[in-house]
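Rule-based calculations on the coordinates, nothing more; no lab input. What you see is a predicted model; the values in this text were computed from it and never measured. Cβ sites come from the backbone with ideal geometry, for glycine too, and all protein chains shown count toward neighbours.
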Amino acid sequence: MTNPVAPKRVSMIQQVRTVISILVLTAVIFVSFNAPSYAVDSRCALIVSQPHPQSGQNNRSSGNFSAQDCPGPRLKWRVPGSIKFKVMEDKSGTDLLIHSNVDNGKVTRKHSSRSLYIANPENATADFQVDVYNTEDPLSQY
């Protein structure tokens, strides 16, 4: 003898599973369209800096570098350890301060110039490398 309620129960379980699957799929699609979609960062500049201003200089600790070829409006800085520094622009007369307190992971606006340099590093004891990446990440708040 078969139980007439059993097929209805199986059908109801299948309907519940279908509804749950639809809800999960809807949630995944919603999160996919509303979550930030940061593109993969790509390196666009590499700078080697001395741990202190160069001989005869008040601020400059690196040679000039350019961020002009970096696509996008923002840059992410990769800096070793707890080193922080300023970024300045080489100008005839007084150089311009472009960014201050640049440390590892900081995101700044891109400044299109071929004459940027690292200045006044803090916490550096030897020459160090700075990698600059174009990024779509939001600006740092500090």
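When both segment 58-105 and segment 106-120 are represented by their alpha-carbon centers, they are found 3 Å apart. With 0.36 nm allotted per residue and the present C-alpha distance subtracted, the I22-S55 stretch has 5.1 nm of extension available. Here r is the Cβ-Cβ distance between V48 and L96 and R0 is 25 Å; the resulting FRET efficiency, rounded to 0.05, is 0.70.
Of all lysines in the structure, the ones whose alpha carbon falls short of 21 Å from that of K76, not counting any fewer than 8 places away in one chain, are K84, K86, K106, K110.
The local environment of N104, defined by Cβ-Cβ distances under 12 Å, has a net charge of +2 under the rule Lys, Arg +1 and Asp, Glu -1. Farthest toward the positive end of the dipole of segment 43-135, out of G63, S49, V79, is the Cα of V79, where the dipole comes from beta carbon charges about the Cα centre.
Entry for segment 43-135 at q = 0.10, 0.11, 0.19, 0.23 Å⁻¹: log10 I(q)/I(0) = -0.21, -0.26, -0.80, -1.19, Debye formula applied to identical alpha-carbon scatterers, no solvent contribution.
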